[in-house]
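Below is one structure, written out as structure tokens; the observations come after it.
The values are calculated or read from the model by the stated rules, or taken from the named source; none is laboratory data. Worth saying up front: this structure is predicted, and the values here are computed from it rather than measured. Because the Cβ atoms are built from the backbone with ideal geometry, glycine has one as well, and the counts that use them run over all protein chains shown.
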Amino acid sequence: MKRYNILILLLALLSPLALTSCSEDENAVEEFPDWQNRNETSFNNIYEQARANTDGNWKLFLNYSLEDTIPTDTYDYIAVEVLTEGTGSGCPMYTDSVLVNYRGRLIPSTSYADGYVFDESYEGEYNPATAMPAQLYVGGVVDGFATALQHMHIGDHWRVYIPYQLGYGVSGTTSIPGYSTLIFDIALIAYYRAGVSPGPWRSAESGWITE
């Protein structure tokens with residue numbers, strides 16, 4: 001009988017805690033509400049803006065792994081806003097490595113009005129004179145990023161919009177939710193061809209292609 005009374009007392013003490021927990025969950029703000037729909041709508045709008053542009057400030061590029069002769073959808077493309085146009089004569093290839101300054105973020109969300117920044121090679125406002133570029137292998141990044149790099153010339157500074165199908169897909173990563181459109185600011189500084197062992201990129205005989 002005493003055990004029964006003790007059990008009743010414990011249940012009575014725990015009940016308010018359980019109610020408090022439920023109440024906190026109900027009042028919680030979802031960080032990425034309606035995320036798939038919002039991202040698909042956002043990218044489709046950007047795609048249409050790029051397609052309608054005629055002054056060269058926007059570009060559309062088909063995923064590098066697809067042929068021009070097959071039927072495509074909007075999510076087979078990346079959209080590019082040209083921030084600065086470079087003067088380089090060539091472009092990196094899939095098997096090349098590059099030096100780039102970049103910042104990657106998501107579309108605006110409940111907690112991040114300007115979009116959550118998930119990766120970057122520099123802090124604050126971009127300054128090409130002081131930013132230290134990151135070295136990346138073109139074949140080692142997501143399809144949308146790799147597609148952009150293979151169309152860039154030295155000096156290009158682009159804002160690249162990548163649909164989730166050419167990014168991290170429906171699963172996402174530990175820091176990026178699934179169905180996320182990726183927005184990258186990318187500046188191409190240099191690149192070198194496969195089979196070359198480059199030295200310090202600022203030196204004259206570095207092996208890096210810088211123009």
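Below is a table of values for the structure above.
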| read-out | value |
| --- | --- |
| Strands (runs of 3 or more DSSP E) contained in segment 92-211 and holding at least 3 residues touching a residue at least 24 places away in the same chain (Cβ under 8 Å) and not aliphatic (A, V, I, L, M) | 97-105, 157-162, 182-192 |
| Complete set of residues in segment 183-211 that are surrounded by fewer than 23 Cβ atoms within 10 Å (Cβ to Cβ) and among the hydroxyl-bearing types (Ser, Thr, Tyr) | Tyr192, Ser197, Ser203, Ser206, Thr210 |
| Single residue of segment 91-129 satisfying the filter (under 22 Å from Ile209 (Cβ atoms) and either surrounded by fewer than 13 Cβ atoms within 10 Å (Cβ to Cβ) or of a type in the set (A, V, I, L, M) (or both)) that is farthest from the chain's Cα centre (by Cα) | Ala129 |
| Residues of segment 46-71 satisfying the condition of being closer than 26 Å to Thr95 by Cα and aliphatic (A, V, I, L, M) | Leu60, Leu62, Leu66, Ile70 |
| Every residue from segment 172-182 that is in contact with a strand residue (DSSP E or B) (Cβ under 7 Å, 6 or more places away or on another chain), surrounded by fewer than 21 Cβ atoms within 10 Å (Cβ to Cβ) and modelled with pLDDT of 95 or more | Ile176 |
| Residue count for segment 47-85, restricted to those that are assigned to a loop (DSSP other than H, G, I, E, B) and surrounded by 17 or more Cβ atoms within 10 Å (Cβ to Cβ) | 2 |
| Residue match in segment 148-156 (condition: farther than 21 Å from Leu60 by Cβ, buried (at least 18 other Cβ atoms within 10 Å of the Cβ) and at pLDDT 95 or above) | yes |
